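Asker: Below are the structure tokens for one structure; questions will follow.
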Amino acid sequence: MANRYGEAALMAVRMETYGKQITPGERWAQATKTLYPTSEKAQRKTAPKGAFLGLCDAGLVKGIPAGKYGATRDNANYAIAASALLVAGTHTSVSSLWAAVTNGDGTEHQSQMDVVMALWKNGLIVKPATTPKVTPDSKE
């Protein structure tokens, strides 16, 4: 089972919207509020949210069209790069994905790969027709 942020990503994608237009960011907020009802800090954690929104921005999440959903650049880049590694079959664990997408630079993992891995294991990452564009790294 995924950690709670991986579970939040699954909840956000599978959320019943009853025909309403709910953005991926709103879906994420509802999911984290459900999973972390007493911790606003956990609800607002930017790294896993940025990874989720980055995948959504790139059109890599099943059922969510590509768009501009407000992903943080570094976390989006990490998630997009990790999804490409999963599609290629070269990496299969959170730790190997993280080492690869950060080039082993010592950056602390903050659940970004848990989001990617949960979506991947549940068949919710779309294999892109073309390689998604990864924007240059920048500090958030």
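Asker: Could you grab the pairs with beta carbons closer than 9 Å, sequence gap of 6+ or different chains, first residue in region 87-105 and part of a helix (DSSP H, G or I), second one of a type in the set (Phe, Trp, Tyr)?
Answerer: Every condition considered, the pairs that remain are VAL87/TRP120; LEU97/TYR78; TRP98/TYR78; VAL101/TYR78.
Asker: Filter region 71-128 for residues that are among the polar types (S, T, N, Q) and buried (at least 16 other Cβ atoms within 10 Å of the Cβ) and give the result.
Answerer: THR72, ASN75, ASN77, SER83, THR102, GLN110, SER111, GLN112, listed by residue number.
Residue-wise test of (1) charged (D, E, K, R); (2) more than 14 Å from the chain's Cα centre (by Cα).
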residue	(1), (2)
MET15	no, yes
TRP28	no, no
LYS33	yes, yes
LYS62	yes, no
TYR69	no, no
ARG73	yes, no
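Asker: Pick out the one residue from LYS45, LYS49, LYS41 that is basic (Lys, Arg), within 12 Å of the chain's Cα centre (by Cα) and closer than 19 Å to ALA31 by Cα. Let's see the steps before the verdict.
Answerer: Numbers: LYS45 fails: within 12 Å of the chain's Cα centre (by Cα); LYS41 fails: within 12 Å of the chain's Cα centre (by Cα).
The conditions single out LYS49.
Asker: Now for a separate question. Taking VAL87 as meeting all but one of (1) closer than 18 Å to THR46 by Cβ; (2) modelled with pLDDT under 95, write down the number of the exception.
Answerer: Failing condition for VAL87: (1).
Asker: Being surrounded by 17 or more Cβ atoms within 10 Å (Cβ to Cβ), under 16 Å from PRO128 (Cβ atoms) and of a type outside the set (Ser, Thr, Tyr), is that true of even one residue in region 45-55?
Answerer: Scanning region 45-55 turns up at least one residue that is surrounded by 17 or more Cβ atoms within 10 Å (Cβ to Cβ), under 16 Å from PRO128 (Cβ atoms) and of a type outside the set (Ser, Thr, Tyr).
Asker: Is it fair to say ARG73 is on the phi < 0 side of the Ramachandran plot, basic (Lys, Arg) and touching a Ser or Thr at 6+ places or on another chain (Cβ under 7 Å)?
Answerer: For ARG73, the condition - on the phi < 0 side of the Ramachandran plot, basic (Lys, Arg) and touching a Ser or Thr at 6+ places or on another chain (Cβ under 7 Å) - is met.
Asker: Please go through region 25-66 and pick out each residue that is in contact (Cβ under 8 Å) with a residue 40 or more places away in the chain, closer than 16 Å to LEU10 by Cα and β-branched (Val, Ile, Thr).
Answerer: VAL61, ILE64, listed by residue number.
The values are calculated or read from the model by the stated rules, or taken from the named source; none is laboratory data. For clarity, every value in this text was computed on a predicted model and none was experimentally measured. Heads up, the Cβs are rebuilt from the backbone with ideal geometry, glycines too, and the neighbour counts pull from every protein chain shown.
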